[in-house]
Amino acid sequence: MNDIRRTILWVIFGFSMVLLWDKWQVHNGNRGTFFPAPVQQAATPSSANKPLPADLPATAGAAPRAPSIATTTEQAAPLTREKIVIETDVFHAVLDSQGGTLSELELKHYNEQSRNRSFMDSIKGLFGMPVPAVESTPVVLMEDGSPAMRYVAQTGLLNTVDAGASFPNHLTPMSALPGSRVLADGENTLEVTFESQPQGGLKYRKTYVFKRGDYSIRVKHEVVNVGDQSRDAQLYLQLVRHGTVASGNMMGANTFAGPAAYTEEKKFHKIPFADIEKQKAEVPPPADNGWIAMVQHYFVSAWLLNAPEGQNLQREFRVKRLGDNQYSVAMVMPLGSIAPGASETVDSDLYAGPQEERKLEVLAPGLELVKDYGVFTIISKPLYWLLNQLHTVLGNWGWSIVGLVLLLKIAFYWLNAKAYSSMAKMKAINPKITEMRARLKDKPQQMQQEMMRIYREEKVNPMGGCFPIVIQIPVFIALYWVLLSSVEMRNAPWIGWIQDLSTPDPFFILPFLMMLSSLLQTALNPAPPDPMQAKMMWLMPLMFSVMFFFFPAGLVLYWLTNNVLSIAQQWVINTRMGVPPQFNLPKFK
């Protein structure tokens with residue numbers, strides 16, 4: 001049994017080292033094995049200002065090409081290109097008259113606080129010395145900049161009959177109709193309409209409807225046949241984003257970033273940038289339902305279709321690498337044959353904002369799944385619901401985390417009690433084991449038999465303290481993902497120096513307390529008879545605690561609270577069983 005325990009400890013230690021090395025590789029820009037980082041391609045200086053291939057109009061006399069969202073071209077008479085600035089209570093947006101594209105979007109209620117405060121600044125602040133002020137700027141979700149940062153929402157029309165003749169698309173100059181550009185006090189909606197010149201016999205009119213307090217933008221598409229013959233066209237809704245993804249905490253897991261799609265048949269489906277790069281991306285088959293999205297930590301943009309009641313709009317899903325670190329995901333809908341003088345109208349929603357689970361689930365089926373809970377979604381969702389209910393009562397996310405851990409400890413009280421009782425029994429017979437090992441140190445086989453005899457007589461299971469804890473591991477991992485992925489933690493204060501639960505403790509106080517609590521737990525546990533195991537039991541908490549210095553404060557608060565409650569429960573159980581709490585301090589030689 002002693003050999004089994006030693007083997008288990010070494011396996012855990014070895015696997016931990018592999019995971020730490022893997023995360024270190026990801027942190028340095030390499031591909032990890034267990035936590036592979038999404039494709040990251042920074043634009044080179046020579047290509048930083050180079051236009052995307054999708055933005056280049058076809059040259060005169062070019063050969064006809066198959067319809068492609070990324071290569072559709074503009075042939076209308078040139079118009080003055082405008083940047084229309086929109087101000088609402090939640091958005092600062094810029095609409096580009098070239099294609100009526102949403103080219104910039106800032107979220108006013110979410111700030112990019114300084115997440116790079118230096119270690120020395122933190123130390124200075126701890127001792128009351130002056131430090132640079134924390135700069136706070138709105139989160140920029142979309143922007144039309146260099147390939148390393150470009151992220152836009154585009155729409156347009158495709159010609160399904162003549163590949164050489166284009167309809168208005170995201171490269172076509174459009175004119176903005178007169179109207180207000182600011183959501184005034186007392187108004188609930190703001191409309192901005194773009195209209196193209198006839199191209200290929202079709203005129204394309206696109207209207208954005210911004211609503212007060214709403215991150216969902218209604219986009220109405222109206223296609224008018226102004227020619228003398230019928231036209232067959234397709235409408236596409238597209239999101240184009242750079243493939244550069246932040247690596248996150250040095251040793252923390254990352255939530256998914258990249259395109260995603262949903263249909264009732266295939267359900268929620270992530271499409272990694274790496275698969276698009278390798279041309280191995282799997283997209284859902286054509287369907288009469290579903291949506292597309294670009295997902296990142298805390299935020300998401302998604303195109304949703306609003307079909308008339310009783311009708312379903314057929315749609316096709318596409319992804320493509322556009323070059324220069326750009327990737328697209330699109331939905332393409334056939335509009336059918338549009339007779340001369342007739343028009344077709346399609347209503348859609350462009351959601352661009354935080355991954356607030358309760359709001360997303362009412363917008364479209366499965367949209368709340370863009371919030372990445374990892375492999376324990378089935379456990380994480382009810383935990384988030386409970387955490388949200390606690391916040392409704394307590395009004396503070398930090399205290400809600402403390403309350404949730406307290407409720408989990410109550411729920412698992414009897415499992416923990418069995419584990420701590422087993423540990424207390426092991427601690428009570430530890431003097432016998434130590435004496436026996438010293439007496440039979442030259443007879444390992446007899447030592448093993450004698451140890452098993454003592455366990456049987458004392459009715460002690462040496463593994464009894466492990467099994468109840470192992471059962472709880474999925475729950476606590478699921479809670480970890482809830483805290484990691486919930487946008488509510490972002491910019492959320494707790495007390496005093498903790499003003500953002502989604503960023504590391506600026507003074508490292510919580511991680512230091514967490515490390516002390518882990519060492520105290522180790523001291524309260526029975527010391528393993530094997531000196532090597534005893535050393536390992538002290539070294540492992542120290543090594544794991546290092547990671548917590550880089551974890552968000554909310555996650556560290558969760559672990560610290562769990563440790564404190566575990567220590568309290570272990571102390572009470574040991575006292576009841578007549579095993580006074582005593583500290584088994586390490587003996588390193």
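No lab work stands behind these numbers, since they all come straight from the coordinates. Fair warning: this is a prediction, and the values are worked out from it, not measured in the lab. Virtual Cβ from ideal backbone geometry, glycine too; neighbours counted across all protein chains shown.
General remarks:
- Inter-label distance, residue 339 to residue 396: 6.8 nm, where each label sits 7 Å from its Cα along the C-beta direction.
- Order by protection proxy (mean Cβ within 10 Å, highest first), peptides 506-516, 151-161: 151-161, 506-516
- Judged by the ratio a/c of the largest to the smallest principal axis of the C-alpha gyration tensor, segment 274-359 counts as oblate, that ratio being 1.5 or greater while a/b is no larger than b/c.
- Neighbourhood net charge (12 Å Cβ-Cβ; Lys/Arg +1, Asp/Glu -1) for residue 234: 0
- Length added when fully stretched, residue 435-residue 87, from 0.36 nm per residue minus Cα-Cα: 117.5 nm
- Most tightly packed first, judged by the mean number of other beta-carbon atoms within 10 Å of their residues, the peptides 369-379, 94-104 read 94-104, 369-379.
- Remark: spin-label model distance residue 546-residue 149 equals 3.4 nm, labels positioned 7 Å along the Cα→Cβ axis.
- Note on residue 358 and residue 112: the model spin-label points, each 7 Å out from Cα along the C-beta direction, lie 2.9 nm apart.
- Put the Cα centre of segment 177-221 next to the Cα centre of segment 499-518 and the gap is 46 Å.
- Volume per residue that the Cα convex hull of segment 190-332 spans, once the total is divided by residue count, Å³: 166 Å³
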